[in-house]
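Q: Would you mind keeping the following structure in view while I ask a few things?
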Amino acid sequence: MSRRSSGSSGWSRAFRERFDALVESVLATLPASLHALLEESPLIVEDAPSDALLRSLGLDPDDEDLCGLHTGVSITERSVTQSGELPDVIQIFRRGILDAAGGWDECTDEEGEPLGGEAHVMREIRITILHEIGHHFGLDEEELDRLGYG
């Protein structure tokens with residue numbers, strides 16, 4: 001399985017190792033067919049998207065974050081004229097995922113719902129990876145929301 005880890009400074013090695021171990025645990029639970037896909041479309045784990053990337057996606061770097069990103073042409077949009085292009089890439093971002101999960105420490109939100117902790121981080125990693133794989137297969141945001149990967 002292709003997976004590269006990169007990112008910005010400011011994140012400790014222990015933080016990255018803890019997060020990446022959860023990524024490996026999630027990947028181990030995915031079916032073989034998805035592992036084959038990730039051989040074609042590498043999964044890259046980064047600390048956070050750059051401000052320039054967020055702006056290029058129409059997001060405000062001061063107010064919005066990103067958990068993942070599929071870059072490339074979905075299977076449903078490919079044609080023979082696109083041969084020789086770079087492969088699709090799936091990126092996931094530690095900061096966005098950790099924020100969406102509620103952080104490393106278990107807590108509750110305003111409604112008393114549990115948040116945070118490794119189980120929630122793992123769940124968010126899984127949702128993010130499956131969400132981006134869904135884009136690879138041509139699913140849009142509405143379809144991914146219906147499937148529970150929004």
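Q: Among the residues of segment 89-116, count how many are farther than 20 Å from GLU64 by Cβ and surrounded by fewer than 16 Cβ atoms within 10 Å (Cβ to Cβ).
A: So the count comes out to 10.
Q: Here is a follow-up. Could you identify the single residue in ILE129, ILE97 that is aliphatic (A, V, I, L, M), under 15 Å from ARG18 (Cα atoms) and either at pLDDT 90 or above or not in a helix (DSSP H, G or I) (or both)?
A: ILE97
Q: How many residues are under 15 Å from the mean Cα position of the chain (by Cα) and either under 24 Å from ALA119 (Cα atoms) or part of a loop (DSSP other than H, G, I, E, B) (or both) when one looks only at segment 36-63?
A: Total meeting the criteria: 11.
Q: Something else: In segment 54-88, what residues are crowded, with 16+ Cβ neighbours inside 10 Å and either charged (D, E, K, R) or modelled with pLDDT of 90 or more (or both)?
A: LEU54, ASP65, LEU66, CYS67, GLY68, LEU69, ASP88
Q: Here is a follow-up. Those residues that are over 16 Å from PHE137 (Cβ atoms), crowded, with 18+ Cβ neighbours inside 10 Å and touching a strand residue (DSSP E or B) at 6+ places or on another chain (Cβ under 7 Å), I need them from segment 17-43; list them, please.
A: Within segment 17-43, VAL23 is the sole residue that qualifies.
The values are calculated or read from the model by the stated rules, or taken from the named source; none is laboratory data. Everything quoted here is computed from the prediction, not taken from an experiment. Ideal geometry is used to build each Cβ from the backbone, glycine not excepted, and the neighbour counts take in all protein chains shown.
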